[in-house]
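Right, one structure below, let's go through it.
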Amino acid sequence: MLLGSTKKNRQGTKTMKIAVISGKGGTGKTYFSTSLAMSLEDVDFFDLDVEEPNGYIFIKPVISDEIQYNLLVPEIDEDRCTFCKKCADACAYNALSILPQLKKALFFPELCHSCGVCSFVCPVDKALIEVEKGIGIIRKGKFSKGNFIEGKLNIGEPSGVPLISGIMKDHLDPERTAIIDSPPGTSCPVVESIKKADYVIIVTEPTPFGLSDMKLVVEIVKDLGKKTGVVINKDRGDSKITEEFLRKSEIPIIFRIPYSLEIQRSYSKGIPLISTVPGIEQKLKRLYEDISNG
Amino acid sequence: MDKPREIVVLSGKGGTGKTTIASSLAVLFRDKVIADADVDAANMYILMDPYNIKGGDFEGKPVARIDSKSCINCGICMDLCRFDAIDVINGQHKIDQLSCDGCTLCSLACPEKAIQMEPVMVGKWFSSDTEYGKFVYARLDPGAENSGNLVTMVKHQAKLLAESEEVKYILIDGPPGIGCPVISTLSGADYTIIVTEPSISGISDLKRIIKLSDHFRVKSGIVINKHDVNPENTRKIEIFANENNIDILGKVPHSFCIIDEISKRTIPGGQCRELKEPLTEIYEKIINYFELKNETEK
């Protein structure tokens, strides 16, 4: 395939990478993104909310693989170590402590960022080697419309960023459409999950909280130069402040989901949006076409 | 004066009502300092209406910068970087500051010493007065890293205030998830109020946050928000809590009043009838827990 040519899948439609983000948690990222994926054909669904992956609840995939995701961490051979402290001095995260009098090398794995600086500066052959340590699990499987890929961070691990970037590097197929369910918030993990996206969908709720957090993610999306559109969830017909902000920022509202107790009940049981609201599958298909036609 | 007790409100899953519960409890607790540790997506200030706002910049970990005049574009840094933070733009190696983790490996490895580590401002923290007491909060710049450290900063400022004001409690609204900012919020806490909702997602995340809280040996209690949306799942949460010896602090029904009050930027606790009773129950259970604890510790 020629570089730069428009990527198309088997059906001949364009393949897009669409990331779904929110800023504020609980606005309906997962609820929306799972139904978007389920309404398309030949699609890869990525659950990158690795701290709390919940996409499986709605997608109901058949899991075929569980792969441990490893990072490299140092292991020090105290018989070879000269306790020169170069590794501990170089570590920007205070993950190593060297006690020359006691001839002890202490390693705090929860502080380690697996950058490799310790093994780079160690002057002694084989005194400090890097070994693999699991920080989470990648679960892969299939659902009726394509592939399911999920990252799940081990409890107690501080950062999901390496797991997210690892999944994007190893499992994102440039030839296929991908729907990416991102983590909440406005920091690093979100940036990592949308770096490779062609389009970013922001799911918001029309409250002051939703608006305040949406403003922050809009900044990120703009900084990264991504095309974006907003889904207003829990819309009670009084979303004026949100609409006004979006109009001023020239960001289109691409979809609305009404506020409804029936939807909330259905959501709470793990029933996807497309099985709850009649006709919404067609609308989501059209939304995807509109996005991919620019 | 005893050390102030830290009460943190967490949820795992986002949007279950942490800020609703935390702000409403801030009205009930008299003797406390309030803090918002959700520095990624801080919202509590919207309801607390702070004034006398003071604060400062928050400096993040230094990140790398390549001096293009000394750089010979050998590419050693790019090969070594494990964060994919170095790109070649128009033939020149450049650091993507959003991806740089600040590990210093590139600057140590550069044969031309062309890479320097430079601090960046990544956020701001504030301390303020409110109708309900002193309030500390912060704002991380969008896309920045290190929110765990900013959380630690917020908690530290709240602790200093609590000590100088001689108050008994620090009431902290926490971030969602189970990662670094949550770990920073939990470390040193005395009680975790976990706000959940009776959805499958809510229950799944509840179990993960309980594990984390147990890991840090912090006593936890559960608030079930919107309990009437799915009574069957509410029952499941109650059984789970019972089996694991965790208190159910209170159950809050679905309420349009809460949504309307938040839309008006007012704290829902004082206004919404359906919130009053469960809130009083939550408040009393926590106060009783600490009074009992104080007795036994003496």
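The values are calculated or read from the model by the stated rules, or taken from the named source; none is laboratory data. Here the structure is a predicted model, which is why all the values come from computation and not from measurement. A quick note on method: Cβ atoms are made from the backbone with ideal geometry, for glycine too, and the neighbour counts reach across all protein chains shown.
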Is it true that some residue in the stretch A:144-154 is in contact (Cβ under 8 Å) with a residue 40 or more places away in the chain, buried (at least 21 other Cβ atoms within 10 Å of the Cβ) and within 8 Å of another protein chain (Cβ to nearest Cβ)? yes
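Given B:ILE222, B:ILE239, which one is out of contact with any strand residue (DSSP E or B) (no Cβ under 7 Å at 6 or more places or on another chain) and more than 10 Å from every other protein chain (Cβ to nearest Cβ)?
Details: B:ILE222 fails: out of contact with any strand residue (DSSP E or B) (no Cβ under 7 Å at 6 or more places or on another chain).
Answer to the check: B:ILE239.
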Of these, B:ILE95, B:ILE53, B:ILE46, which one is β-branched (Val, Ile, Thr) and not assigned by TED's automatic domain parsing to the domain that holds B:ILE259? B:ILE95
Out of (1) at pLDDT 95 or above; (2) surrounded by 15 or more Cβ atoms within 10 Å (Cβ to Cβ), what's the single condition that is false for A:SER239? (1)
With a cut-off of at least 1 residues that are more than 30 Å from A:PHE120 (Cβ to Cβ) and in contact with a Ser or Thr (Cβ under 9 Å, 6 or more places away or on another chain), name the helices (runs of 4 or more DSSP H) lying wholly within the stretch B:1-110. B:18-28, B:44-48
Those residues that are away from chain B (no Cβ under 14 Å) and surrounded by 19 or more Cβ atoms within 10 Å (Cβ to Cβ), I need them from the stretch A:242-254; list them, please. A:LEU246
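Please determine whether any residue of the stretch A:68-79 is crowded, with 18+ Cβ neighbours inside 10 Å, free of Cβ contacts under 8 Å to residues at least 60 places away in the same chain and aliphatic (A, V, I, L, M). Don't jump to the end; show me each part of the working.
Within the stretch A:68-79, the subset crowded, with 18+ Cβ neighbours inside 10 Å is A:69, A:71, A:73-74, A:76.
Add one more test, that the residue is free of Cβ contacts under 8 Å to residues at least 60 places away in the same chain, and what stays is A:74, A:76.
Cutting the leftovers down to aliphatic (A, V, I, L, M) gives us A:76.
The answer is yes; a qualifying residue exists.
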Here are some residues: B:VAL136, B:VAL167. Which one is buried (at least 24 other Cβ atoms within 10 Å of the Cβ) and closer than 14 Å to B:VAL33 by Cα? B:VAL136
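Under 27 Å from A:PRO61 (Cα atoms) and at pLDDT 95 or above: does that describe A:LYS226? Steps first, answer last, please.
Working: under 27 Å from A:PRO61 (Cα atoms): no; at pLDDT 95 or above: yes.
Answer is no for this residue.
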Note: among B:SER128, B:SER187, B:SER164, B:SER147, just one is more than 9 Å from chain A (Cβ to nearest Cβ), under 15 Å from the mean Cα position of the chain (by Cα) and small (Gly, Ala, Ser), namely B:SER187
Given the criteria farther than 30 Å from A:GLY210 by Cα, part of a loop (DSSP other than H, G, I, E, B) and of a type outside the set (A, V, I, L, M, F, W, C), does A:TYR69 qualify? no
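Among A:ILE274, A:ILE263, A:ILE232, A:ILE280, which is the only one that is modelled with pLDDT of 95 or more, in the same structural domain as A:PHE58 (by TED's automatic domain parsing), buried (at least 16 other Cβ atoms within 10 Å of the Cβ) and in contact with a strand residue (DSSP E or B) (Cβ under 6 Å, 6 or more places away or on another chain)? Don't jump to the end; show me each part of the working.
Details: A:ILE274 fails: in contact with a strand residue (DSSP E or B) (Cβ under 6 Å, 6 or more places away or on another chain); A:ILE263 fails: in contact with a strand residue (DSSP E or B) (Cβ under 6 Å, 6 or more places away or on another chain); A:ILE280 fails: in contact with a strand residue (DSSP E or B) (Cβ under 6 Å, 6 or more places away or on another chain).
The match here is A:ILE232.
May I ask you to verify whether B:ALA37 is in contact with a helix residue (DSSP H, G or I) (Cβ under 7 Å, 6 or more places away or on another chain) and under 30 Å from B:GLY188 (Cβ atoms)?
Working: in contact with a helix residue (DSSP H, G or I) (Cβ under 7 Å, 6 or more places away or on another chain): yes; under 30 Å from B:GLY188 (Cβ atoms): yes.
It is true that B:ALA37 is in contact with a helix residue (DSSP H, G or I) (Cβ under 7 Å, 6 or more places away or on another chain) and under 30 Å from B:GLY188 (Cβ atoms).
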Does B:PRO142 satisfy the condition of being within 14 Å of another protein chain (Cβ to nearest Cβ), farther than 29 Å from A:TYR267 by Cα, part of a loop (DSSP other than H, G, I, E, B) and touching an Asp or Glu at 6+ places or on another chain (Cβ under 7 Å)? yes
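Which residues, taken from the stretch B:240-265, are hydrophobic (A, V, I, L, M, F, W, C), closer than 19 Å to B:VAL27 by Cα and surrounded by fewer than 16 Cβ atoms within 10 Å (Cβ to Cβ)?
Step one: filter the stretch B:240-265 for residues hydrophobic (A, V, I, L, M, F, W, C), giving B:240-241, B:246, B:248-249, B:252, B:256-259, B:262.
Now drop any that are not closer than 19 Å to B:VAL27 by Cα, which leaves B:249, B:252, B:257-259, B:262.
Correct list: B:CYS257 only.
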In the stretch A:88-106, anything among the aliphatic types (A, V, I, L, M) and closer than 16 Å to B:CYS103 by Cα is listed as A:ALA88, A:ALA90, A:ALA92, A:ALA95, A:LEU96
Please go through the stretch A:90-132 and give me each residue that is more than 14 Å from chain B (Cβ to nearest Cβ) and closer than 27 Å to A:PHE46 by Cα, ordered by number. none
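Kindly indicate whether B:LYS226 is in contact with a Gly (Cβ under 9 Å, 6 or more places away or on another chain), in contact (Cβ under 8 Å) with a residue 40 or more places away in the chain and either under 16 Å from B:ALA22 (Cβ atoms) or not hydroxyl-bearing (Ser, Thr, Tyr) (or both).
On the way: in contact with a Gly (Cβ under 9 Å, 6 or more places away or on another chain): yes; in contact (Cβ under 8 Å) with a residue 40 or more places away in the chain: yes; either under 16 Å from B:ALA22 (Cβ atoms) or not hydroxyl-bearing (Ser, Thr, Tyr) (or both): yes.
Considered against the rule, which asks whether it is in contact with a Gly (Cβ under 9 Å, 6 or more places away or on another chain), in contact (Cβ under 8 Å) with a residue 40 or more places away in the chain and either under 16 Å from B:ALA22 (Cβ atoms) or not hydroxyl-bearing (Ser, Thr, Tyr) (or both), B:LYS226 comes out as yes.
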From B:ILE86, B:ILE72, B:ILE21, B:ILE53, grab the single residue that is within 14 Å of chain A (Cβ to nearest Cβ), among the hydrophobic types (A, V, I, L, M, F, W, C) and farther than 18 Å from B:ILE194 by Cα. B:ILE86
Is it true that some residue in the stretch B:266-274 is away from chain A (no Cβ under 14 Å), crowded, with 17+ Cβ neighbours inside 10 Å, touching a Ser or Thr at 6+ places or on another chain (Cβ under 7 Å) and not in a strand (DSSP E or B)? yes
